[in-house]
Structures are given as structure tokens and as C-alpha cells.
Amino acid sequence: MNTLLKSSTALGLVLGLGAAPAMADMEAAKKFLDEEIGEITTLPRADQEAEMQWFVDAAEPFKGMEINVVSETITTHEYESQVLAPAFTAITGIKVTHDLIGEGDVVEKLQTQMQSGENIYDAYVNDSDLIGTHIRYGQVRNLTDWMANEGADVTSPTLDLDDFIGTQFTTSPDGKLYQLPTQQFANLYWFRYDWFNDPEIMADFKEEYGYDLGVPVNWSAYEDIAEFFTGRTIDGVEVYGNMDYGKKDPSLGWRYTDAWMSMAGMGDVGEPNGLPVDEWGIRVNEQSQPVGACMARGGATNSPASVYAVDKAIKWLQEYAPPAAAGMTFSEAGPVPAQGNIAQQMFMYTTFVAPLVASDAVMNEDGTPKWRLAPSPHGVYWQDGMKVGYQDVGSWTLMNSTPVDRAQAAWLYAQFVTSKTVDVKKADVGLTFIRDSTINSDHFTERKDKLGGLVEFYRSPARTQWSPTGTNVPDYPKLAQLWWQNIGDAMSGAKSSQEALDQLCADMEKVMERLERAGVQGDLGPVLNEERDASYWLEQPGAPKPKLENEDEEPQTIGYDELVSSWNQ
């Protein structure tokens, strides 16, 4: 962050901010292109200048306006806030304050604005996980209609929506776009490639477990590998075979709603999300109306597969992770593998690749990584055709309660920080890809060997199998908070996994019952099924699924190079 702050301060002086005299708009733009962008872009210089000139002209009616936007604190948004916001201000004359706060706080602020109608922020970067909320409450501007009407004069001719890789996740069932992606990252399996290919370590593993050490395909193999590495000393360092986090905190809920349950096999077949039962265990009817989360209503949140998922996470955290991990949050745990004492991690959010590549402990002297990224293994209840992982799509969102002129100015900023001129450099810093042109750029072809498989993953068709929360979730802010509160009871040992999940699904259904009674979500609002014995639903095809007699399947691994080749097939 300090590097970005220094860069931002220097850039601010270059562009005419602070004590330095203000420059002409295009002069500031050219300085920005020279000093910050350089050749790290997909556009020729003439096209960059043309795109910047459009922002100068479109912003003319808003010069002198001060707007406020907000996002969670990750490297990509630090770059937007500390470097791109000052640049946009210098180039357009629109003063942007880009606040950085915790993701839970972002959702809380958005929820407050929805409930009060008070304009707290002029634009939000919030996860596309809220798409089900936005399409039901009608409090967010539908960008498709916005760009054709009130936002038409401030919509860039070079926006090129077809170039964005995440708009399928920010689009409603009727085809309307509600949010514009500004960063994306997936959860993938991370492992120490150097250790997995060490002949002595490989031989020890083969002798102990009877099969080859490699990328685990299923959870049984992951558990064997975690057990094998935990307690070993490698290069003078005591190693752990797993990394996770368990503090009772809003981020603990994300750990499970971010596809952990679908990776275990809880939900139904379907991409990008299981239907009719999704990765939250919520069932919907043919009209996309939520009908239940508990097994008694056809949901799967408290099903045997869900209990299996939580039990495994708790076991691995307690037995194979550093003792401090149980008291960590998402942001605290993410950089830990960069310290060099973790052998593998089932659930690595790729937003933490940025600190990994900055760590001498896990990087070779030539700048190549000692680690690699691969698809996360799946649990025993998983079937072909099911969702295999989560992809975060942080997206610009305009609230209806924001005055039109302020929304127009904020929309200009949202397009600036996602523009083709800027996007390759932003991705170079944060490694959270949103544009196909950026992923396939010459710059990332040159850099890919130093990113451990991240570029290969995003260039492959496999990336579409990783998806955010879908449209089954009727009110993300209200329901998400129930997850960390109830799962936290299981993680702490206050309740068994079954007890915690029974309470979770019951709490979710109480919220959905209130929404149903209030009738505030129109034709897409919940219409809960009548309760019946869970055995009825367990006998039906798909989720919820009955408990397997043996939840320890035959372990299976695959060679990393073979795996990467399969991504492109």
C-alpha cells in the first residue's frame, strides 16, 4: 500500500493536484499516459488519447462537482483509489473521493441507502453476489436502460461491453445489465510446486500413501496431502498442510457461501449455478421464486452434504493449519502462504496472488514462482456438471436514490477505471482480470510464467465454470449475515455442524417468510413450500442428497502439467 500511496502522491503532483498548479485537461491526460500507463495497455497511443479526450469532453458539464464512491479494500481498489481517482480528477475536473472499507461495511452502507433513500455514496463497487437482491428490490439502476436514456451522453463509445468477461454474472434473467465489473478473482487450489516435485518428498509420499503426489482431484487426496505435510520440516521451516480461517466474522460466511458447499456437492447440477438448488442450499421454482432452504421445503442448507462440507473444513483447520488460523479473518489469512510455511491451500482467492509475487519466501530468484494454481478438488457428493468454484466479480453499481447528475459523474469514473487505456496497468497491479483483451494481451503473455498458472486459467474456457452467487438469493445483505453467525457456532464448537446448519436454514426461511408477507419483491419474491418430511425430498432426484454410507472416496491426484493442458481442451 505504501508503494501505491507514494505513486499516487507523485502522480498527483505530476497531474496538477495538491500544491502544483492545475494543468489543461489533455495536458494532464498526456502526462498520465506518459508517467503511469506507458506501454502497459492494449491501445495505440492515438487511441488512448482519443479515449481520454472523450472523458474530458463528456465531463465538461460536471467540472467542479465532488462525488463519493466506495469499495472494499483489496490491491485493485487501492490502485483505483490512490492512483486512478487523482488522475481522473486532474483530467476531468470531477473531484472523486474513493473510500476503501471492509466488504461487510460496503454491504451495510448499501443496505442503509436502500432502506433510507439517503444518498450515502454516488456509486458502489459491490459483489455481483447481490444480483438476486438488485433485480428483486428495484433500487439499483438497470444499466442497459440507463445507457440508452439518462446515461447515454456519458456512456463511452469505447466501453465495449462484449470485452468484459463477467457481465454474464451481473445480468438479470431478462437480459438487463445491472452492474459493470471492475475486478474479478477466483478461488483456486494453491500448492508448493517445488515441494510437490521434490524427488525425496515424492518418494516419501508414494511409500506412505501408495499413490503419486500431485494436484488433488478430490477431498480425500487433499486430506492425505495435508496430513503428509503437516509437521514436516523443509528447508528449516515447519510446514502446515492446509491454510484457512475461522474467526467469527462476516468474512467467515463468505468462506462457505463462496461455493464451498457446491464444491462439496451440496447443490444441483447447473452452470453458472445449480438449479433448482444453488450453492447456498436455496431451492427456487420454475418462476425463479425461492421456495425454501431447509430440507423440509426442498432446500439443502442443512443436508448431509452440507454437514460433510462444514465438518471437513473444521477438521482440516484444527489438524493441519497453523494454530493462529482459527482466529483469523479473510484478509488476515490470505497473505499467510506468502510466508513460505504452507504446502497447499484448498481455497486460495486469487486476489492474494499480488502479495505472493512480492514475497521472496515463495518466489525464485529469477522471478518465477515456487507455487502454482489449479482447480480446487471437489467433495464426495460432487457430480460432473456442478459448479466447481467461486469467482468474485466486484462491480460498479448505481443506486436509484443517487441524483441523476451525481450518478452520471460517477458513471464516468466507473468507465475510466475500467477503460481499455487503463485496464492492463490496473490488472498488472491487482491481477484481477475483467477484460478479455487484457488477459490475451502481449503484456500478460510475457508475464504469465511468473504468475503460476493464473493467466492460463483465465485464458481457458474453464474460467466460466467458476461463478459468483447466482439469482436464487433474494436478499444477500440479510441472508449473508446469518451464515457467519451460525457457522461460527460450529467452528467454535458451541454447536455441532448439523445443529448450526439446522438453525441457519431456519433463520434464512424466517427472512424469506417476511419477504413473502411484505410482497416487496414482486413476481420474483419468495413463495415458500409447505413443510413436509425431509425423507420426501431426499428420495427425489438431485439436491438435497441422502447421506452416503462412506464419505471417504478413493483419493485421486493428477499431474499439474496434464491438468493445465486439460484447461484448453
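Scanning the stretch 394-428 for residues that are among the acidic types (Asp, Glu) and crowded, with 24+ Cβ neighbours inside 10 Å gives a single hit, Asp423.
Filtered by the rule that a residue be out of contact with any Lys or Arg (no Cβ under 7 Å at 6 or more places or on another chain), in a helix (DSSP H, G or I) and surrounded by fewer than 23 Cβ atoms within 10 Å (Cβ to Cβ), the stretch 355-392 gives Pro355, Asp360, Ala361.
Specify which of the listed residues (Thr75, Thr89, Thr112) is at negative phi, in contact with a strand residue (DSSP E or B) (Cβ under 7 Å, 6 or more places away or on another chain) and hydroxyl-bearing (Ser, Thr, Tyr). Answer to the check: Thr89. Counting only residues that are buried (at least 24 other Cβ atoms within 10 Å of the Cβ) and either in a helix (DSSP H, G or I) or free of Cβ contacts under 8 Å to residues at least 12 places away in the same chain (or both), the stretch 297-308 holds 2 of them. The condition (being out of contact with any Phe, Trp or Tyr (no Cβ under 6 Å at 6 or more places or on another chain) and surrounded by fewer than 21 Cβ atoms within 10 Å (Cβ to Cβ)) is satisfied by just one residue among Glu539, Glu509: Glu539. For the stretch 66-88, name all the residues that are polar (S, T, N, Q) and either touching a Lys or Arg at 6+ places or on another chain (Cβ under 6 Å) or crowded, with 24+ Cβ neighbours inside 10 Å (or both). Ser71, Thr76, listed by residue number. Residues that are without any contact (Cβ under 8 Å) to a residue 60 or more places away in the chain and either charged (D, E, K, R) or surrounded by 17 or more Cβ atoms within 10 Å (Cβ to Cβ) (or both) within the stretch 101-119 comprise Asp105, Val106, Lys109, listed in sequence order.
Here His77 clears all of (1) closer than 30 Å to Thr329 by Cα; (2) out of contact with any Leu (no Cβ under 8 Å at 6 or more places or on another chain); (3) modelled with pLDDT of 95 or more; (4) in a helix (DSSP H, G or I) except the condition numbered (2). All of Met243, Met263, Met202 fail the test of being out of contact with any Cys (no Cβ under 8 Å at 6 or more places or on another chain), part of a helix (DSSP H, G or I), among the aliphatic types (A, V, I, L, M) and surrounded by 22 or more Cβ atoms within 10 Å (Cβ to Cβ), apart from Met263. When we screen Leu159, Leu100, Leu188, Leu110 for residues that are under 27 Å from Gly430 (Cα atoms) and either assigned to a helix (DSSP H, G or I) or of a type in the set (Asp, Glu) (or both), the only hit is Leu110. Of everything in the stretch 266-287 that is in a loop (DSSP other than H, G, I, E, B) and of a type in the set (A, V, I, L, M, F, W, C), the residue that is farthest from Tyr476 (Cα to Cα) is Val269.
Do any helices (runs of 4 or more DSSP H) lying entirely in the stretch 393-505 carry at least 3 residues that are touching a residue at least 24 places away in the same chain (Cβ under 8 Å) and of a type in the set (D, E, K, R), and which ones are they? Those helices (runs of 4 or more DSSP H) span 420-430.
The values are calculated or read from the model by the stated rules, or taken from the named source; none is laboratory data. These numbers come from a predicted model, not from an experiment. Here Cβ is always computed from backbone atoms with ideal geometry, including for glycine, and neighbour counts include all displayed protein chains.
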